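Please read the structure below before turning to the comments.
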Amino acid sequence: MTALPEDLRYTEEHEWVRRTGPTRVQVGITDYAQQQLGDIVFVQLPALDSDAPAGDSIAEVESTKSVSDIYSPLSAKVVAVNEVLDSTPETLNSDPYGEGWMFELEVPDAAALDATLGELLDAAGYQGVIGG
């Protein structure tokens, strides 16, 4: 069974979202996603200070099996990227909910972030998506 932290929100595209401040979130791929991808060999992260419209592809993960797009879970600005993944992309396999975070997004308004996070899946909802 796939590990699903209860404190995160999830997308149907297999990204997780962790609130790290009033207007800021950290984003990564789920344990289920990394299992499906297999051994991850390359990560292309978004550019710092770039706009990330909700639903747009803003990053890529390449594994020995395929290349997968990573989508922005909300409309925001990219304010941090996990540069560790440049040299050790396999961190996405070994620690997808910790050191394997991919990027951080920031929105201008905490209330808007509350509303957007409320629209994302909770752990039980995501478990339903992956068939658990």
Subset of segment 17-57 (residues that are outside any strand (DSSP E or B), open to solvent by less than 60 Å² (accessible area, probe 1.4 Å) and hydrophobic (A, V, I, L, M, F, W, C)): A33, L37, L45, A54
For segment 1-32, which residues satisfy the criterion of being of a type in the set (A, V, I, L, M, F, W, C) and modelled with pLDDT of 95 or more? L8, W16, V17, V25, V27, I29
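Within segment 87-98, is even one residue surrounded by 13 or more Cβ atoms within 10 Å (Cβ to Cβ), outside any strand (DSSP E or B) and of a type in the set (D, E)? Spell out the reasoning first.
Here is the first cut: in segment 87-98, the ones surrounded by 13 or more Cβ atoms within 10 Å (Cβ to Cβ) are 88-93, 95-97.
Keeping just the survivors that are outside any strand (DSSP E or B) gives 88-93, 95-97.
Keeping just the survivors that are of a type in the set (D, E) gives 90, 95.
Looking through segment 87-98, at least one residue is surrounded by 13 or more Cβ atoms within 10 Å (Cβ to Cβ), outside any strand (DSSP E or B) and of a type in the set (D, E).
Quick check on my filter: what residues within segment 58-86 are of a type in the set (A, V, I, L, M, F, W, C) and open to solvent by less than 60 Å² (accessible area, probe 1.4 Å)? Full working, then the answer.
Step one: filter segment 58-86 for residues of a type in the set (A, V, I, L, M, F, W, C), giving 58-59, 61, 67, 70, 74, 76, 78-81, 84-85.
Hits for segment 58-86 are I58, A59, V61, I70, L74, A76, V78, V79, A80, V81, L85.
The values are calculated or read from the model by the stated rules, or taken from the named source; none is laboratory data. It should be emphasised that the depicted structure is a prediction, and the values quoted were computed from it without experimental measurement. Every residue, glycine as well, gets a Cβ built from its backbone with ideal geometry; the counts of neighbours run over all protein chains shown. Remember, those area values only see protein heavy atoms, side chains included, never the ligands or the DNA or RNA. Shrake-Rupley method; radii C 1.70, N 1.55, O 1.52, S 1.80 Å.
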